[in-house]
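*Asks:* Take this structure first; my questions come after.
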Amino acid sequence: MRLIPSRIHGFLDYATALLLIAAPWLFNFAGNGAETWVPVALGIGVVAYSLITAYEWGVSPLLSMRTHLIIDALGGALLALSPWLFGFADRVWAPHLFVGLFELAAAALTRPVADRGPALGRTTSTSVR
């Protein structure tokens, strides 16, 4: 069951992106390796593709909500597995795993069609009356 509306998902996108970008310094695992740069790069990516998603928090409707959710799921899986894929699990793994699982859950629980269009409040679907 898809419970999360696109407008809530959009807020979660930007909040999670900020968390990902700041996490290495917030949780004291900043360095010069993948443990730092994987979440930072994914956070920047979330902002970039959120801006071009056809939903309430987007600016330019280039990506569908379905495509956005697929990218979210792939990024969440990469983040969750990154400590073991990139060999830093002996130093830090919990933030990557938990935020990655959160991303996967949010993608799975979000409605795949936006309620409104990008940033302008337009409805993306048409209805016949």
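Bear in mind these aren't lab numbers, they're just calculated from the coordinates by the rules spelled out. Everything quoted here is computed from the prediction, not taken from an experiment. For neighbour counting, all protein chains shown are included, and Cβ atoms are generated from backbone atoms with ideal geometry for every residue, glycine included.
*Asks:* Got a sec to turn the phi values of the range 51-62 into Karplus ³J(HN,Hα) couplings, 6.51 cos²θ - 1.76 cosθ + 1.60 with θ = phi - 60°, whole Hz, x for Gly and Pro?
*Replies:* Result, ordered by residue: 5, 10, 8, 7, 8, 4, 9, x, 10, 10, x, 8 Hz.
*Asks:* Which part of the range 8-23 falls in the paramagnetic zone of Val47, meaning amide N under 12 Å from the point 7 Å along Cα-to-beta-carbon?
*Replies:* 14-22
*Asks:* About its Cα centre, how strong a charge dipole does the chain have in debye, to the nearest 20, once Lys and Arg get +1 and Asp and Glu get -1 at the Cβ?
*Replies:* 540
*Asks:* Still on this structure, I have one more. Figure the gain on full extension for Ile8 and Leu74 (residue separation times 0.36 nm, minus the Cα-Cα span) and round it to one decimal in nm.
*Replies:* Using 0.36 nm per residue and subtracting the Cα-Cα distance, I get 21.8 nm.
*Asks:* While we're looking at this one, here's another question. Based on the Cα gyration tensor of the range 6-109, what are the three equivalent ellipsoid semi-axes, each the root of five times an eigenvalue, rounded to whole Å and given largest first?
*Replies:* The answer is 25, 13, 11 Å, longest axis first.
*Asks:* Quick one: compute the contact order of the range 6-109, relative version, from alpha carbon pairs under 8 angstrom and 6+ residues apart, as a percent.
*Replies:* Details: 132 pairs, mean separation 24.8, N = 104.
Normalised by residue count, the contact order of the range 6-109 is 24 percent.
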